[in-house]
Amino acid sequence: MKVELKVEKAMQDDVGKGIVRIDTRTREILGVAAGDIVEIIGKRATAAIVLHAYDEDEGLGIIRMDGILRQNAKVAWGEKVKVRKAKAEDAEKVILSLLHHVRFSPGFGEFIKRKLLGRPVVKGDKIGVSVLGTMIPFKVVQTIPEGIVTIEGFTEVIVRRGKYTKEALFMFLEEIRKDIKEIKKFLFKLENRIASIEYEMRDLRDKMKSIEKK
């Protein structure tokens, strides 16, 4: 069973976590619950953990996903993707290519693994890991077995220095910046709307007091 959904921006708290938000009706159709893994098919297929939609998104037929997932699925905001319940296997080994010049010591793979526990990945995916407040980009270059796999406690995670260009790194980070910029715009509009409602409520209370005095 596949469902076609419109891609919308993720909220700030969801950026970089490999999650998507889908409404109740769609989850029921797909037969998934919060915490399950779904396959997202755009011009490329990738995977993510599904969570509940926000109340205001119920019934809209949308999927909220961040810029990294959109890169992996090769889709843009407003485009459509097909979503289905994923068949994911536990990863025996995952090899990651570091797309940024960062010095690391032995054991770095274990550190990154702890950050990615439970995360579904597919060969060719780009993923971001927050290290000391900085989003470090990686590319998944190999998984054993192939297909959609989840990183578990027993998974061997190997980090290698990869070939990267400033342009590729810029594109990766630019998607994150776009997410944050759009989220700030949304929050600004929301704050204005709340302020407007508060003003209307005060005005209504004043009118009610005036009527009571009469």
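To the nearest 0.05, what FRET efficiency results for Ile194 and Leu60 with a Förster distance of 30 Å applied to their C-beta separation?
So, using R0 = 30 Å, E works out to roughly 0.90.
So what are the ³J(HN,Hα) numbers for segment 75-90, from phi and the Karplus equation (6.51, -1.76, 1.60; θ = phi - 60°), rounded to whole Hz, Gly and Pro as x?
These are the phi-based 3J(HN,Hα) values: 9, 10, 4, x, 7, 9, 10, 9, 10, 8, 5, 8, 9, 9, 10, 5 Hz.
Going 7 Å from the Cα of Trp77 toward and past its Cβ, which residues in segment 7-49 have a backbone nitrogen under 17 Å from where you end up?
7-16, 21
For segment 1-104, what is the largest minus smallest coordinate of the Cα atoms on each principal axis, given in angstrom and ordered from greatest to least?
46, 28, 25
Can you compute log10 of I(q)/I(0) for segment 1-54 with the Debye formula, treating each Cα as one identical point scatterer, at q = 0.21, 0.22, 0.25 Å⁻¹?
Relative scattering, expressed as log10 I(q)/I(0), comes to -0.79, -0.87, -1.14.
Taking Cα centroids, how far is segment 4-37 from segment 65-142 in Å?
17
Can you give me the relative contact order of segment 89-164 as a percent, contacts being Cα pairs under 8 Å and 6 or more apart?
54
Just to be sure I understand the model, the point goes 7 Å from the Cα along the line to the Cβ. What's the resulting Arg205 to Lys123 distance in nm?
Result for the modelled spin labels: 6.3 nm.
The numbers here are math on the coordinates, done by the rules we state, and not lab data. Keep in mind the model is a prediction, meaning the values are calculated, not measured. Cβ atoms come from the backbone with ideal geometry, glycine included; neighbour counts cover every protein chain shown.
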